[in-house]
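This report concerns only the one structure given below.
The values are calculated or read from the model by the stated rules, or taken from the named source; none is laboratory data. All figures in this text were calculated on a predicted structure; none of them were measured in a lab. Cβ coordinates were reconstructed from backbone atoms using ideal geometry, including for glycine residues, and neighbour counts include every protein chain displayed.
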Amino acid sequence: MTCGDKMKSCPHDSEILASNDVDGYRYYSCAKCSGYWIPGSALWKTMRPDVVQDIIERCSFEMASSLRCLNGDSYLVALKVNDCEIDICPSCHSLWLDPGEVEKLANCFRDSSALLAAHDLRSRSASKELEPLCIIDVVFQLLTILIR
């Protein structure tokens with residue numbers, strides 16, 4: 001099975017992954033666990049070539065993890081990159097990044113990586129706290145509406 005338009009589910013929590021089309025490639029993200037699935041075809045466009053080559057060369061020598069590839073029946077293998085354990089498919093070279101791994105691997109991405117930019121924006125949006133509503137303002141707004 002190849003990476004197509006079929007809906008993909010998160011390997012951790014089975015949540016349907018959001019499809020993100022940027023700069024001529026597609027990657028997937030999980031709103032629940034904040035993980036990312038990067039298809040093998042997009043790996044070369046998102047990460048530095050030297051990093052991708054190293055990952056691909058090493059993945060065939062590693063033990064399988066418990067996670068399955070979203071593109072078929074292969075099991076992903078776990079690799080250490082920058083003190084971070086990533087999961088990659090030895091067949092199609094698709095990559096799963098757990099929450100927090102994008103930050104740890106930031107220097108492995110291309111400078112112009114749209115995935116990295118989108119992740120930064122997503123992180124900033126999630127960290128902003130909503131301002132608490134002031135009860136006086138709410139009561140004032142209600143009274144203004146009722147008086148009219």
Worksheet item: Across region 1-55, what is the number of residues that are at pLDDT 85 or above, of a type in the set (D, E) and over 21 Å from D111 (Cα atoms)?
Response: 2
Fill in: Enumerated strands (runs of 3 or more DSSP E) restricted to region 1-67, each holding at least 1 residues that are charged (D, E, K, R) and farther than 22 Å from E85 by Cα
18-22, 25-29
Discussion item. Need pairs with beta-carbon distance below 8 Å; first residue under 15 Å from S113 (Cα atoms) and within region 13-34, second buried (at least 18 other Cβ atoms within 10 Å of the Cβ) and polar (S, T, N, Q); sequence gap 6+ or separate chains.
Written reply: N20/S29; Y25/T46; Y27/T46
Worksheet, complete the sentence: Note on region 100-139: residues modelled with pLDDT under 75, among the basic types (K, R) and either within 21 Å of D50 (Cβ to Cβ) or more than 16 Å from the chain's Cα centre (by Cα) (or both) are K128
Discussion item. All but one of (1) part of a loop (DSSP other than H, G, I, E, B); (2) surrounded by 19 or more Cβ atoms within 10 Å (Cβ to Cβ) hold for G72; state the number of the condition that does not hold.
Written reply: (2)
Discussion item. Which pairs turn up if I take residues in region 49-65 that are within 10 Å of P90 (Cβ to Cβ) and surrounded by 15 or more Cβ atoms within 10 Å (Cβ to Cβ) and look for partners that are at pLDDT 80 or above and among the β-branched types (V, I, T) with beta carbon separation below 6 Å, at least 6 apart in sequence or on another chain?
Written reply: C59/V77; C59/I88; E62/V77
Item to complete: Please identify the pairs in which a residue from region 82-103 that is over 15 Å from S29 (Cα atoms) and free of Cβ contacts under 8 Å to residues at least 60 places away in the same chain has its Cβ atom under 6 Å from the Cβ atom of a residue that is of a type in the set (A, V, I, L, M, F, W, C) and in a loop (DSSP other than H, G, I, E, B), counting only partners at least 6 apart or on another chain.
Response: N82/L105; C84/L105; C89/C69
Worksheet entry | Scope region 1-37; condition among the β-branched types (V, I, T) and touching a helix residue (DSSP H, G or I) at 6+ places or on another chain (Cβ under 6 Å); matching residues | V22
Discussion item. With the requirement that a residue be buried (at least 19 other Cβ atoms within 10 Å of the Cβ) and not in a helix (DSSP H, G or I), what does region 94-104 give you?
Written reply: S94, L95, W96, L97, D98
